[in-house]
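This report concerns only the one structure given below.
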Amino acid sequence: MIEITAKLKSGARTEVQGQLRLPFELRQKRWLFTALAAGEEVALRLPRGATLRGGELLLASDGRVIEVIAAAEHVVHVECATATELARVAYHLGNRHVPVQVGDGFLRIFADPVLEEMLSGLGAKLAKIEAPFEPEAGAYRGAHSHRENSLDRAPRIHEFGGPEHSRG
């Protein structure tokens, strides 16, 4: 079993020697036992706050470079007739702390019947598709949890907002 403990810096030019295909939920985990696309077992042990994005490169303990591949997932593809309507839909999703992928003229979210009904009511055209899910990174690192007694309060999908960025 190989161990992966570090990401390579963005822009590193090197030969990729393996692929790690993961859905969004698993790309948020810093400790994980999984397998490369070729079947070789991997122990992922990344530093706190690490979130993997499709296309990122990782360094394995044996020196190999492994590329992260965002696996295709069941998502809802959202389009609107105008940019204003799409902005309104994005506003309502953001107001609910929903992970959202923003594309050129579209949004994507995980399927949720309540959200889908809301979006349809706002005039959005919805299509259930399979595609890699790469939600926006923003002020937090993870899907928001509003559980008051949770010991794991650190969000996971946003890039900022961890203890190292607090002002207090």
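Read the figures in this text as sums done on the coordinates, not as results from a lab. Predicted, not measured: the structure shown is a model, and the values here were computed from it. Note that each Cβ is placed from the backbone with ideal geometry, even for glycine, and that neighbours are counted across all protein chains shown.
Couple of notes before you dig in:
- Centre separation in Å (Cα based) which lies between region 68-132 and region 32-48: 30 Å
- Per DSSP, loop chymotrypsin sites (Phe, Trp or Tyr not before Pro) in region 5-41 with at most 16 further Cβ within 10 Å: none
- Straight-line reach from Lys125: taking Cα to Cα under 12 Å and skipping same-chain neighbours fewer than 8 places apart, the aspartates and glutamates in range are Glu79, Glu85, Glu116, Glu117.
- Geometric extent, Cα atoms of region 1-110 - Rg, Dmax (angstrom): 16.8, 51
- Per-residue ³J(HN,Hα) for region 109-120, Karplus 6.51 cos²θ - 1.76 cosθ + 1.60, θ = phi - 60°, Hz, x for Gly and Pro: 9, 6, 4, 7, x, 5, 5, 4, 5, 4, 5, 4
- Taking amide hydrogens as placed 1.01 Å from N in the peptide plane, the amide H of Gly18 sits under 5 Å from those of Glu67, each at least 5 positions away in sequence or on another chain.
- Cα gyration tensor, region 74-128 - rounded (a/c under 1.5), prolate or oblate: rounded
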